Amino acid sequence: MPSTMNNIAKQGDHGSAMMPVIQGVGRAAIEIAAVLRGAVFRGALGGAGSENIQGEQQQMLDVLSDEIFLEEMRSTGFICAVGSEEQEELLVIDEYSHADYLVLVDPLDGSSNLDVDGPVGTIFSIVKRKTANSERPHVSDTLQSGREVIAAGYVLYGPSLMLVCSVGEGVHGYTFNPAVARFELSHPDMRIPETGGYYSVNESNKSDWADGMGDKLIAMKAETGLGMRYVGAMVADMHRTLLKGGVFLYPADSKNTTGKLRLLYEAIPMGFVMEQAGGKAMSSGIAILDIEPEALHQRVPVYLGSNTNVDALLG
Ligand code: AHG
Ligand code: MN
Ligand code: MN
């Protein structure tokens, strides 16, 4: 009998509390995958005609994915509020505002791939509130370092539908089995290889990178001999890095002076998964998980991967 996501309940101290929330993520993933597959027939590809708080053009599918994710978090009954890349402010779930947990989410990651039918993803993390349950959840509840994250993971909408997550006891990957319409454990105890793999970066920004990163990349390439792969969707680039080894990076540059990737929605969840898989997750001179967040939509430089390769890059 294959293991389903029920086995999350047996993992670590937080597994049983996290299982219903992660099952909610799984339901959102199934719905979002269906919307993605049918988008061209519903006229749901292309811009929504709006900007998100980051000043980025929202795609219709960014908006739809955000709505689906929020509704599935509401339906768990365990989530008091959701912080989303697509929402300016923290969304409080009024009927469960006494609940213990908050979710942070990038509902659709890599949305520039949508027009070319490339892979996209969803990234999430779960934290326990700091405010009393009798109070209305507050944005300060979301501003917790990665060391306080209870669970995190991502969904990859690729040729198969995968949910990869950790509740603080290793990283486990579940694949949606269409024959029985459920996620089944397909990748138990994922560990990043120490050698081999690829480096993964938008190298077209190299001349604009901060911190001498262009020279550091040249030196790392010479030292490790790594080849290069870049999808442009963090979930897909992270997933390959986790399975094959290597390093994924998005440094600060002259346009994105503090980096492009979002601390709460992208860097911390992926950093949590990477460390749980035995790899390294760094920002500028500090482990991503040690950064104390200051704002919901804060951005940071990101370097994720095998210890040897991240060290070869950052020295
Ligand atoms: P999002 O689609 O959620 O805005 O995220 C896009 C991010 C990330 O997925 C990817 O690693 C990076 O942006 C790609 O950026 P470039 O196009 O600048 O390479
Ligand atoms: Mn993203
Ligand atoms: Mn996004």
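The values are calculated or read from the model by the stated rules, or taken from the named source; none is laboratory data. Note that the structure is predicted; figures quoted are calculated from it, not measured. FYI the Cβ positions are ideal-geometry reconstructions off the backbone, even for glycines, and counts take in every protein chain you see. Ligands, DNA and RNA are stripped out before the accessible areas are found, and what is left, the full protein with its side chains, is counted by its heavy atoms. Shrake-Rupley method; radii C 1.70, N 1.55, O 1.52, S 1.80 Å.
When the chain is modelled as a GNM with alpha-carbon springs shorter than 10 Å, which of 102, 304, 114 fluctuates the most?
Most flexible of the set in this elastic network: 114.
Please identify the GluC sites (Glu not before Pro) of region 58-160 that satisfy two criteria: DSSP loop assignment and at most 16 other Cβ atoms within 10 Å. Which are they?
88, 89, 135
Strictly greater than 23 Å: what percent of every Cα pair in region 15-117 meets that?
Within region 15-117, distances greater than 23 Å cover 29 percent of Cα pairs.
Tell me which GluC sites (Glu not before Pro) from region 263-315 have a DSSP coil assignment and no more than 13 other beta carbons within 10 Å of their own.
294
Taking a virtual spin label 7 Å from the Cα of residue 148 along the C-beta vector, which residues in region 99-119 bring their backbone nitrogen under 18 Å of it?
The answer is 99-105.
Got a sec to turn the phi values of region 278-290 into Karplus ³J(HN,Hα) couplings, 6.51 cos²θ - 1.76 cosθ + 1.60 with θ = phi - 60°, whole Hz, x for Gly and Pro?
x, x, 10, 9, 10, 10, 6, x, 8, 5, 3, 6, 8
Which sequence of 30, 123 reflects their accessible areas, 1.4 Å probe, from the largest down?
30, 123
If you build a Gaussian network model of the chain, linking Cα atoms that sit under 10 Å apart, which residue out of 121, 170, 43 swings the most?
43
So how much slack lies between residue 50 and residue 228, counting 0.36 nm per residue of separation and subtracting their Cα-Cα distance, in nm?
The span from residue 50 to residue 228 would gain 60.7 nm if fully extended.
Spelling out what I want: for every residue of region 261-272, take phi, set θ = phi - 60°, compute 6.51 cos²θ - 1.76 cosθ + 1.60 (Karplus), and round to whole Hz; glycine and proline get x.
Coupling constants for region 261-272: 7, 7, 4, 7, 9, 10, 5, 5, x, 5, x, 4 Hz.
Relative to the longest principal Cα axis of the chain, at what angle does helix 60-76 sit, 0 to 90 degrees, rounded to 10?
The helix 60-76 is inclined about 50 degrees to the chain.
Please name whichever of 233, 212, 270 sits farthest to the positive end of the charge dipole of region 198-314, dipole taken about the Cα centre and charges placed at Cβ: Lys and Arg +1, Asp and Glu -1.
The one lying farthest along the dipole's positive direction is 233.
Could you give the angle, 0 to 90 degrees to the nearest 10, between helix 213-224's Cα long axis and the longest principal axis of the Cα atoms of the chain?
Between the helix axis and the principal axis of the chain, the angle is about 80 degrees.
Looking at the chain as a GNM with Cα springs under 10 Å, which of 238, 162, 220 has the largest mean-square fluctuation?
With Cα springs under 10 Å in the chain, the top fluctuation among 238, 162, 220 is at 220.
Could you state how much accessible area residue 14 has, in square angstrom rounded to the nearest 10, with a 1.4 Å probe and all protein chains kept in place?
Approximately 70 Å² for this residue.
Where the only charges are on Cβ atoms (+1 Lys, Arg; -1 Asp, Glu), what is the dipole of region 198-314 about its Cα centre, to the nearest 20 debye?
Using only the charged Cβ atoms, the result is roughly 380 debye.
Based on the Cβ-Cβ distance of residue 133 and residue 218, what FRET efficiency does E = 1/(1 + (r/R0)^6) give at R0 = 51 Å, to the nearest 0.05?
Taking R0 as 51 Å, the efficiency between residue 133 and residue 218 is 0.45.
Go ahead and collect, in residue order, the members of region 20-49 whose backbone nitrogen is under 19 Å from a label point 7 Å along the Cα-Cβ direction of residue 184.
Answer for this model: 23, 26-27, 30.
In nm, give the distance between the simple-model label positions of residue 37 and residue 115, each being 7 Å from the Cα along the Cα-to-Cβ direction.
Between residue 37 and residue 115, the simple spin-label model gives 2.6 nm.
Semi-axes of region 198-314's equivalent ellipsoid from the Cα gyration tensor, sqrt of 5 times each eigenvalue, largest first, rounded to whole Å?
Sorted largest first and rounded, they come to 19, 17, 13 Å.
Per the Kirkwood definition applied to all pairs of different Cα atoms, how many angstroms is the hydrodynamic radius of the chain?
19.5
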